[in-house]
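Below is one structure, written out as C-alpha cells, with a few remarks after it.
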C-alpha cells in the first residue's frame with residue numbers, strides 16, 4: 001500500500017459524521033451509549049501502553065465490529081495466547097453490544113475502536129505499536145489500515161470459521177463432526193440474521209431521526225404531525241417485534257439447556273460455575289435444539305458439551321496461573337500432586353466474576369490429573385508433564401483441555417483417532 005492515504009471525500013465524510021453523531025444519538029440509546037463510551041478511548045489506550053506495553057514483546061491487535069465478528073476472532077485469540085504467550089494481545093470493537101464479550105477474551109487490553117480520523121489513528125498506533133493488525137470479517141477502516149501499512153504493520157483478515165473433522169474409523173465421531181458443521185452453519189446464519197437486523201435497525205433509526213426533524217418543522221400542521229407520529233410509532237413497533245422474537249428464542253433455548261442439566265445430573269460438572277450469562281446466551285443462540293430435522297438428543301448433548309468445554313477451558317487457564325505461581329516458589333518444579341496447586345487456584349482476574357468465591361474445589365480437582373505429556377496425542381502444550389481431565393463426560397462431543405506452558409483445547413473424538 002506504500003504511502004497511500006484515504007481520499008479527501010472519505011476524510012470529509014468521517015469529519016461530517018463525527019459532527020452529526022451527537023445529534024443522531026438523541027434518537028438512539030445504543031448510539032448514545034457507544035458515543036459516550038468511545039469518549040477518551042485514545043487516552044485510555046495510551047495510558048495502558050505507558051503502564052503495560054512491553055516494547056520487547058510483539059503485540060497483535062485484533063478488531064471486530066460486534067458480537068458475531070468477535071466470536072469468530074475468539075478462537076484465534078485463544079490459540080495465540082496458548083501457542084505464543086509472549087505476544088501481547090489488544091482487542092477493539094465498534095458496537096456497544098460487544099462490551100461484555102470483550103471482557104471474556106484472553107487479551108491484555110480491550111476497548112472501543114477510535115473514530116477513523118488521522119489524529120486518533122496516529123495516537124493509537126503510537127501507543128500500541130502493533131506488529132500485526134487483524135480485522136474480523138468486514139469491519140476494515142481505511143485510515144487505520146493504510147496508516148498501519150505505512151508503518152510496516154502486518155495486516156490480516158479473519159473471514160471464515162475453520163471446522164476440524166475427526167478422522168475416519170469411528171462412526172459416531174463422524175456424526176459428531178457433521179453435527180458440529182450444522183451448528184457452525186446455523187450459528188453463521190443466525191449471526192448474519194442478527195447483523196442484518198442491526199443494519200435494518202440502524203436504517204430505521206436514521207428514518208426516525210428524519211421523521212423527528214420533519215415533526216419539528218411542521219408543528220403548526222396538526223394533520224401532518226399526526227401522520228408522522230403514527231409512522232414513528234409503527235416503525236418502533238416493528239423494531240421491538242424483531243428484537244423480541246430473537247430474544248424470546250434465545251432465552252427459550254437458555255432455559256431448555258438449564259433444564260437439561262437439572263434433568264441430567266451426569267452431564268453437569270462443577271466447572272460450569274465459571275460460565276457467565278453471556279456464554280450461556282451465546283451457546284443458546286447457536287444451538288440446534290428445537291430445529292426441524294435435527295436429532296434432539298444429540299443437539300442437547302452437543303450444546304451441553306460446548307458449555308462444559310468452555311468451562312473447562314476457563315478452568316484450564318486457572319490451573320495454568322496456579323501452576324505458574326507454584327513454579328515461581330518451587331524453583332520451576334512441576335508439582336508431584338495436583339492438590340499442591342489448591343492454595344494458588346483462583347478465578348481469572350480479567351473476567352466479570354473474578355470476585356466470586358469458588359465452590360466445590362475438591363470436586364473440581366478430582367476431575368483433573370497430572371500425566372506425562374507424551375500420553376496426550378497430537379497436543380503439545382510444552383513441558384514433560386501436563387494437566388488434563390481424567391475422562392470426558394461425553395466421549396463423542398467433549399473437548400480435551402491440556403495445560404502445560406499454555407492451554408490447549410481439542411475434540412476428544414479427534415485426539416482418539418490420531
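The values are calculated or read from the model by the stated rules, or taken from the named source; none is laboratory data. Nothing here was measured: the structure is a model prediction, and the numbers come from that model. Note that we place each Cβ from the backbone using ideal geometry, even for glycine, and neighbour counts take in every protein chain shown.
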By residue number, the members of region 320-337 that are in contact with a strand residue (DSSP E or B) (Cβ under 8 Å, 6 or more places away or on another chain) and closer than 24 Å to residue 83 by Cβ are 320, 323, 334, 335
Of the conditions (1) within 29 Å of residue 403 (Cα to Cα); (2) modelled with pLDDT of 90 or more; (3) out of contact with any strand residue (DSSP E or B) (no Cβ under 7 Å at 6 or more places or on another chain), the single one that residue 109 does not satisfy is (3)
Review point. Does region 262-284 contain any residue that is over 18 Å from the mean Cα position of the chain (by Cα), part of a loop (DSSP other than H, G, I, E, B), more than 23 Å from residue 74 (Cα to Cα) and modelled with pLDDT under 90?
Key: no
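I need a count of the residues in region 368-379 that are buried (at least 16 other Cβ atoms within 10 Å of the Cβ) and either assigned to a helix (DSSP H, G or I) or touching a residue at least 60 places away in the same chain (Cβ under 8 Å) (or both). Show your work before the answer.
Initial filter on region 368-379 (buried (at least 16 other Cβ atoms within 10 Å of the Cβ)): 368, 370, 373, 376, 379.
Filter once more, so that each one left must be either assigned to a helix (DSSP H, G or I) or touching a residue at least 60 places away in the same chain (Cβ under 8 Å) (or both): 373.
Selection size over region 368-379: 1.
Name the residue, out of 346, 297, that is out of contact with any helix residue (DSSP H, G or I) (no Cβ under 6 Å at 6 or more places or on another chain) and either modelled with pLDDT of 90 or more or in a loop (DSSP other than H, G, I, E, B) (or both).
Details: 297 fails: either modelled with pLDDT of 90 or more or in a loop (DSSP other than H, G, I, E, B) (or both).
None of the others qualify; the one that does is 346.
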Counting only residues in region 136-149 that are outside any helix (DSSP H, G or I) and touching a helix residue (DSSP H, G or I) at 6+ places or on another chain (Cβ under 6 Å), the one farthest from residue 82 (Cα to Cα) is identified as 137
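How many of the residues in region 394-418 are crowded, with 20+ Cβ neighbours inside 10 Å and modelled with pLDDT of 65 or more?
If we filter region 394-418 for residues that are crowded, with 20+ Cβ neighbours inside 10 Å, which is where we start, we get 396-404, 406-408, 411-414.
Filter again for modelled with pLDDT of 65 or more, leaving 396-404, 406-408.
Result for region 394-418: 12.
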